[in-house]
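Note sheet for the following structure.
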Amino acid sequence: MEKTRILVTGGTGYIGSHTTVELINAGFEVVIIDNLSNSNREVLDGIEAITGVRPNFVEGDCNDTATLRKLFTDYPGIKGIINFAASKAVGESMEKPLLYYRNNLNTLINLLELMPEFGVKGFVFSSSCTVYGEPDENPVTERSPIKTATSPYGNTKQICEEIITDTVNAGSPWNAIILRYFNPVGAHPSALIGELPNGVPQNLIPYLTQTAIGIRKELSVFGNDYPTRDGSCIRDFINVVDLAKAHVIAVKRLVEEKTLEPVEIFNLGTGDGVSVLELINTFEEATGVKVPHKIVGRRPGDIIQVWADPTHANTVLGWKADTPLADTMVSAWKWQEHLREKGVM
Ligand code: UD1
């Protein structure tokens, strides 16, 4: 039987590469488009080493309609799109808002416009718990209020969700699933793919593992005077492979036209809130490696605490994030060691 063809934009990135692996393992044929702005070609080797299959790869930018049109023509019969291609650094988005609006909105609009012409049935969108802002109550469900975005990055996620919903409501011949990620962390257990941030990491786990291996002197914990159990912020850290598997279920559901509504929205988290200090402890206990750290002032714009109620995804998608956090920390560490062995950093 012919394999179902799926387009993964941003497929050499962190979550895109893990999702590509799970799609291939589940019997899909993957076409990746990526402009390599925050990733590199060697990711394709990692994917091939894990799965035994090299995904089709187009180096290009989803901002460019001609590139996309050529892709759909060269790879006919694409049934679903999973859209990871986007800029994602909160701080950078404050300095370069137009870059964020252009990249994230144009990419989405270009893809949605081309879907009817090429008969694509489903669209999976990477959204974020950032749409909930600082929630009044935790855990958050999909019906929790959407708060005013605190960064252009966060605003692009809200606007993109609205663009998708408006387009579907106007009678698009395709359906969509919006996935709101909490904090994706860890790497593939093979240590052949993982997160590879450019420059000094802004996110917690890459900074933590780079400190543990000695690239950075000390991890700064941004604040221990928050109204939480130990004073540090609380997040819902979800294993990236668990997260990737939800995409396979989502795209399958769309391609098989099994969605219950034209736009379905799911929180992807574990349901457990873990503090920054607890996470450092878990890492140290799981790996036996110490993480030098110090408490510093709060980081402007940080949410105090947010964690998911994942019941909707658990029941409707039959999906659960069940990798123990300790195993996830070991995977992040093995990936950092792999980068050292390869001489990457
Ligand atoms: C942010 C965004 C999220 C986005 C994600 C990926 C918001 C509210 N959240 O998540 O939407 O998808 O980045 O770019 O905009 N921390 C330290 N020291 C560090 C780094 C982080 O203590 O060196 C703390 C932070 O203060 C925070 C926690 O670790 O409490 C997680 O931070 P981070 O990994 O940057 O993710 P978020 O800010 O939660």
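The values are calculated or read from the model by the stated rules, or taken from the named source; none is laboratory data. Keep in mind the model is a prediction, meaning the values are calculated, not measured. Neighbour counts are summed over all protein chains in view; Cβ atoms, including those assigned to glycine, are modelled from backbone coordinates with ideal geometry. Ligands, DNA and RNA are stripped out before the accessible areas are found, and what is left, the full protein with its side chains, is counted by its heavy atoms. Shrake-Rupley method; radii C 1.70, N 1.55, O 1.52, S 1.80 Å.
You will find that of ILE238, ILE295, ILE265, ILE280, the residue that is assigned to a strand (DSSP E or B) and either farther than 30 Å from LEU7 by Cα or over 19 Å from the mean Cα position of the chain (by Cα) (or both) is ILE295 and no other.
Of the residues making up region 107-155, just one is away from the ligand (no atom under 16 Å from the Cβ), hydroxyl-bearing (Ser, Thr, Tyr) and surrounded by 17 or more Cβ atoms within 10 Å (Cβ to Cβ), namely THR107. For ARG180, the criteria (1) farther than 27 Å from GLU257 by Cβ; (2) within 11 Å of the ligand (Cβ to nearest atom); (3) open to solvent by less than 30 Å² (accessible area, probe 1.4 Å) hold in every case but one, which is (1). Within region 333-343, can one find any residue that is within 12 Å of the ligand (Cβ to nearest atom), open to solvent by less than 40 Å² (accessible area, probe 1.4 Å), closer than 17 Å to GLN210 by Cα and in contact (Cβ under 8 Å) with a residue 12 or more places away in the chain? No, region 333-343 contains no residue that is within 12 Å of the ligand (Cβ to nearest atom), open to solvent by less than 40 Å² (accessible area, probe 1.4 Å), closer than 17 Å to GLN210 by Cα and in contact (Cβ under 8 Å) with a residue 12 or more places away in the chain. Residues that are more than 24 Å from SER126 (Cβ to Cβ), buried (at least 19 other Cβ atoms within 10 Å of the Cβ) and out of contact with any strand residue (DSSP E or B) (no Cβ under 8 Å at 6 or more places or on another chain) do not occur anywhere in region 299-312. Checking GLY80, GLY60 one by one, the residue that is surrounded by 21 or more Cβ atoms within 10 Å (Cβ to Cβ) and modelled with pLDDT of 95 or more is GLY80 and no other. Here region 201-215 is the region considered, the condition is being more than 9 Å from the ligand (Cβ to nearest atom) and part of a loop (DSSP other than H, G, I, E, B), and the residue that is least open to solvent (accessible area, probe 1.4 Å) is ILE213. Filtered by the rule that a residue be touching a residue at least 40 places away in the same chain (Cβ under 8 Å) and more than 10 Å from the ligand (Cβ to nearest atom), region 295-319 gives GLY297, TRP307, ALA308, ASP309, PRO310, THR311, HIS312, ALA313, VAL316, LEU317, GLY318, TRP319.
For ASP242, the stated conditions hold: it is within 30 Å of ILE78 (Cα to Cα) and surrounded by fewer than 22 Cβ atoms within 10 Å (Cβ to Cβ). Checked against the criterion of being modelled with pLDDT of 95 or more and either under 15 Å from GLY194 (Cβ atoms) or over 20 Å from the mean Cα position of the chain (by Cα) (or both), the candidates LEU23, LEU71 yield just one match: LEU71. Checked against the criterion of being within 22 Å of ILE249 (Cβ to Cβ) and modelled with pLDDT of 95 or more, the candidates ALA86, ALA66 yield just one match: ALA86.
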